[in-house]
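Data first, discussion second: the structure below is written as structure tokens.
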Amino acid sequence: MMASHSLTAAEEAAGGQQLLEVSMGPQHPSTHGVFRMDVTLDGETVVRLKPVFGYLHRNHEKIAEKCSYLGSIPYTDRLDYICSLTNNWAYALTVEKLAGLAAPERAEYIRVILAELTRLINHSCLAGFLLQDMGAAGTPLMYAFREREKILDLFESLTGARMMCDYMRFGGCRCDLPPGWIEQARSVAAHYPAFLDEFEALLTDNEIVRARTEGVGVLGAQLAVNAGITGPMLRASGVNYDIRKVDKYGVYGRFDFRVPLGERGDTFDRYMIRILEMRESLKILQQALRDIPEGPIMDPKARLRNLRPKPGEAYARIEGPKGELGFYVISDGGSNPYRYRIRPPSLINLTILEDLCLGQTIADAVVILGSVDIVLGEVDR
Amino acid sequence: MNGAGIIKGMIETARNLAGSYHDKERLTTVQYPEETLPPVENARTIPFLVYDGGDAAAGLRCTACTICEKECPPQCIYIVKDMAKKPDYLGKMQLHPKVFDIDIAVCMSCGICVEVCPFDAIKMDQVFELSTDDRFGGLLWGIKQLAKPNEYFQKLHRTEASEIDARREQDRRKTQAAAAAKAAVPAPAANLPPPANKGAAA
């Protein structure tokens, strides 16, 4: 792969060269949904890139302000539709903070287990999609989806749905684990490392993958922090910031796991961070599945209907698979939120797309977008 | 940069290809229209209305309280009350729905109606082959399509249905006992039938 040059649009224009504008998307298969990139090219080099989004805008925040607190939970499933359970958790955590509820210990363990399974799904899918964007048509993605199916089976037998789980409630979880679920989850967690080894044998040392990702789309630590980037993308740039460690929300303080960090902040680091995070997630899963206590799964103070928190505001955040997922809710004492706002990691991680792509080729822009890991349901809301 | 990584990857794909012919673990899909996997017990698609006995019109558990209509996030339920009261399983006079429509094109299968229903009247179905060329009439289901017998509920969600049946049986016995005690005030309490948990065995 050709070494990258750092050219600006002004330099190009001064050189009197002809630029080409390409509109990639919104139906382009590599834009991960209905997303458009207005790319200005000099030859094959990107000199300007404008992300255009909003095609999937569903008015989620306004609908939530007209809906009861309970009624918004199924809508949060549809934000980042690959990770519905972590979305549920972030929202439930916010309303619990607002209404002064606390989930019992068993519910907290169930939440951790489900969140880590969700992280496995998200990171496997991301690696698959990234390779799909590089031109490895199907194979890695299908391997990732094969493993994802096993986790979706777990979700289905617990929550009734494979993707739109709608499972967590304010002050706990909707229903208890069915018989045999823990054993099944243990078996999935026990078999997952073999899949990761297989996946890594397929990809990590592959020369083509290396050539397409190393040194591509480098994100410096300073820019990452200034732009508010969170999640694996920030950690790939070497910044040690994981909300599971910082906030220790839920019962994360009890688990022994490490936070993998990248060195260069390029696309390869972003891929590798996710593989390493999956291995750490498996450690958390094993500990949580071992230690999960018996007991109730709902706060006795919690009421399903007619939740009217006292006037006030709350912001709660979790380490979603894509980054810091936060919900900000203001209550005026009524049965629906006065203001409801989401801090979507996908959208905020997308803001530096142009900085990553400048000077790279258009083929690399596709790979860089893949490594940012966006889901348009969350970007557009 | 000598191609060893690519060869390693190719060996992995070859192992997967060969493995898919003899290893069940590696073969996770079924050929859908010819073969379907049985749904798990908790699986949910769209709601249905439970009725007891053989007659859907007489045995509908729904009392048209409209809690589900109010709580439904996408507002896909439409209820008109029938003001003529009918006795429920405890003999109490209750309202009934004259119209109970669910627009299944709008329903997002969240199951909140089931959670909030105090009468165990609405439950989640597991049907999924619902495509139709009639967008409006074909996807707006009324009582006729929504009402399903309790035996159907038992078949889908065995654990939950058995628990509910046991609870209802207990309630019915308690009401009967209370009525009997009221009718025969001087009778000794020992003659009352105990509130046995009979339904659970079923």
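The values are calculated or read from the model by the stated rules, or taken from the named source; none is laboratory data. The shown structure was predicted, so the numbers you read here are calculated from the model rather than taken from an experiment. FYI the Cβ positions are ideal-geometry reconstructions off the backbone, even for glycines, and counts take in every protein chain you see.
Could you please let me know if A:Ala136 is surrounded by 19 or more Cβ atoms within 10 Å (Cβ to Cβ), within 12 Å of another protein chain (Cβ to nearest Cβ) and small (Gly, Ala, Ser)?
Values: surrounded by 19 or more Cβ atoms within 10 Å (Cβ to Cβ): yes; within 12 Å of another protein chain (Cβ to nearest Cβ): yes; small (Gly, Ala, Ser): yes.
Judged against the criteria, A:Ala136 is a match.
Filter the range A:311-358 down to residues that are more than 26 Å from A:Gln222 (Cβ to Cβ), surrounded by fewer than 22 Cβ atoms within 10 Å (Cβ to Cβ) and in contact (Cβ under 8 Å) with a residue 60 or more places away in the chain, then give me how many there are. Spell out how you get there, then give the answer.
Step one: filter the range A:311-358 for residues more than 26 Å from A:Gln222 (Cβ to Cβ), giving A:311-314, A:316, A:327-342.
Of the ones still in play, those that are also surrounded by fewer than 22 Cβ atoms within 10 Å (Cβ to Cβ) are A:311-314, A:316, A:328, A:330, A:332-336, A:338-339, A:341.
Restricting the remaining residues to those that are in contact (Cβ under 8 Å) with a residue 60 or more places away in the chain gives A:312-314, A:316, A:328, A:335-336, A:338-339, A:341.
The qualifying residues number 10.
Of the numbered conditions (1) more than 13 Å from chain B (Cβ to nearest Cβ); (2) under 28 Å from B:Glu160 (Cα atoms), A:Ala90 satisfies every one except a single condition; which is it?
(2)
Kindly provide the set of residues from the range B:5-52 that are without any contact (Cβ under 8 Å) to a residue 60 or more places away in the chain, more than 10 Å from every other protein chain (Cβ to nearest Cβ) and not in a helix (DSSP H, G or I), ordered by number.
B:Asp23, B:Val30, B:Gln31, B:Tyr32, B:Pro33, B:Glu34, B:Glu35, B:Thr36, B:Pro38, listed by residue number.
Which members of the range B:53-79 meet the condition of being surrounded by fewer than 19 Cβ atoms within 10 Å (Cβ to Cβ), modelled with pLDDT of 85 or more and not β-branched (Val, Ile, Thr)?
Selection gives B:Cys65, B:Glu69, B:Lys70, B:Pro74, B:Gln75, B:Tyr78.
Since A:Gly160 meets every condition but one in (1) at the interface with chain B (Cβ under 10 Å from one of its Cβ atoms); (2) within 20 Å of the chain's Cα centre (by Cα), which condition does it not meet?
(2)
Regarding A:His32, is this residue at pLDDT below 85 and surrounded by 19 or more Cβ atoms within 10 Å (Cβ to Cβ)?
Numbers: at pLDDT below 85: yes; surrounded by 19 or more Cβ atoms within 10 Å (Cβ to Cβ): yes.
Spelling it out, A:His32 is indeed at pLDDT below 85 and surrounded by 19 or more Cβ atoms within 10 Å (Cβ to Cβ).
Could you tell me which of the residues A:Glu108, A:Glu44 is over 30 Å from A:Leu353 (Cα atoms), of a type in the set (Asp, Glu) and surrounded by fewer than 24 Cβ atoms within 10 Å (Cβ to Cβ)? So that I can check it myself, show each step before the final result.
Values: A:Glu44 fails: over 30 Å from A:Leu353 (Cα atoms).
Unique residue meeting the criteria: A:Glu108.
Does the range B:80-131 hold any residues that are surrounded by fewer than 12 Cβ atoms within 10 Å (Cβ to Cβ), over 18 Å from the mean Cα position of the chain (by Cα) and not in a strand (DSSP E or B), and which are they?
Selection gives B:Gly91, B:Lys92, B:Ser131.
Tell me whether the range A:188-207 contains one or more residues that are more than 11 Å from every other protein chain (Cβ to nearest Cβ), within 22 Å of A:Met233 (Cα to Cα) and modelled with pLDDT under 85.
Going residue by residue through the range A:188-207, those that are more than 11 Å from every other protein chain (Cβ to nearest Cβ) are A:188-190, A:192-193, A:196.
Narrowing further to those that are within 22 Å of A:Met233 (Cα to Cα): A:196.
Narrowing the set further to residues that are modelled with pLDDT under 85 leaves none.
The answer is no, given that none of the residues of the range A:188-207 is more than 11 Å from every other protein chain (Cβ to nearest Cβ), within 22 Å of A:Met233 (Cα to Cα) and modelled with pLDDT under 85.
Only one residue in A:Leu141, A:Leu152, A:Leu130 is more than 10 Å from chain B (Cβ to nearest Cβ), surrounded by 24 or more Cβ atoms within 10 Å (Cβ to Cβ), among the hydrophobic types (A, V, I, L, M, F, W, C) and not in a loop (DSSP other than H, G, I, E, B), so which one is that? Before you say what the answer is, go through the steps one by one.
Numbers: A:Leu141 fails: surrounded by 24 or more Cβ atoms within 10 Å (Cβ to Cβ); A:Leu152 fails: surrounded by 24 or more Cβ atoms within 10 Å (Cβ to Cβ).
Just one listed residue meets the conditions, A:Leu130.
Could you check, for the range A:254-265, whether at least one of its residues is buried (at least 21 other Cβ atoms within 10 Å of the Cβ) and either farther than 30 Å from A:Glu105 by Cβ or among the hydrophobic types (A, V, I, L, M, F, W, C) (or both)? Spell out the reasoning first.
Of all residues in the range A:254-265, those buried (at least 21 other Cβ atoms within 10 Å of the Cβ) come to A:262, A:265.
Checking the rest, the ones that are also either farther than 30 Å from A:Glu105 by Cβ or among the hydrophobic types (A, V, I, L, M, F, W, C) (or both) come to A:262, A:265.
Yes, the range A:254-265 contains at least one residue that is buried (at least 21 other Cβ atoms within 10 Å of the Cβ) and either farther than 30 Å from A:Glu105 by Cβ or among the hydrophobic types (A, V, I, L, M, F, W, C) (or both).
With A:Leu154, A:Leu158, A:Leu141, A:Leu130 as the choices, which residue is in the same structural domain as A:Asn88 (by TED's automatic domain parsing), in contact (Cβ under 8 Å) with a residue 12 or more places away in the chain and within 21 Å of A:Gly323 (Cα to Cα)? First the steps, then the outcome.
On the way: A:Leu154 fails: within 21 Å of A:Gly323 (Cα to Cα); A:Leu158 fails: within 21 Å of A:Gly323 (Cα to Cα); A:Leu141 fails: within 21 Å of A:Gly323 (Cα to Cα).
From the options A:Leu154, A:Leu158, A:Leu141, A:Leu130, the qualifying one is A:Leu130.
Out of the range B:53-70, which residues are over 22 Å from B:Leu139 (Cβ atoms), hydrophobic (A, V, I, L, M, F, W, C) and not in a loop (DSSP other than H, G, I, E, B)?
Result: B:Ala57, B:Ala58, B:Ile67.
Considering only residues that are aliphatic (A, V, I, L, M) and not in a strand (DSSP E or B), which ones fall in the range A:293-328? Spell out how you get there, then give the answer.
Taking the range A:293-328 as the starting set, the residues that turn out to be aliphatic (A, V, I, L, M) are A:297-298, A:302, A:304, A:307, A:314, A:316, A:318, A:325.
Across the range A:293-328, the qualifying residues are A:Ile297, A:Ala302, A:Leu304, A:Leu307.
Quick check on the range A:273-292. Is at least one of its residues more than 14 Å from chain B (Cβ to nearest Cβ), assigned to a loop (DSSP other than H, G, I, E, B), surrounded by fewer than 16 Cβ atoms within 10 Å (Cβ to Cβ) and touching a helix residue (DSSP H, G or I) at 6+ places or on another chain (Cβ under 8 Å)?
First, pick out the residues of the range A:273-292 that are more than 14 Å from chain B (Cβ to nearest Cβ): A:273-292.
Retained after the next criterion (residues that are assigned to a loop (DSSP other than H, G, I, E, B)): A:292.
Next, from what is left, pick out any that are surrounded by fewer than 16 Cβ atoms within 10 Å (Cβ to Cβ): none.
No, because not a single residue in the range A:273-292 is more than 14 Å from chain B (Cβ to nearest Cβ), assigned to a loop (DSSP other than H, G, I, E, B), surrounded by fewer than 16 Cβ atoms within 10 Å (Cβ to Cβ) and touching a helix residue (DSSP H, G or I) at 6+ places or on another chain (Cβ under 8 Å).
Could you tell me which numbered condition A:Gly250 fails, if it satisfies all but one of (1) outside any helix (DSSP H, G or I); (2) free of Cβ contacts under 8 Å to residues at least 60 places away in the same chain?
A:Gly250 satisfies every listed condition except (2).
Could you give me the residue pairs with C-beta distances under 6 Å whose first residue belongs to the range A:97-120 and is closer than 20 Å to A:Glu147 by Cα and in a helix (DSSP H, G or I), whose second residue is of a type in the set (Gly, Ala, Ser) and at pLDDT 90 or above wherever it lies, and which are 6+ apart or on separate chains?
Listed by first residue and then by second, the contacts come to A:Val112/A:Ala288; A:Ile113/A:Ala288; A:Glu116/A:Ser281; A:Arg119/A:Ser281; A:Leu120/A:Ser281.
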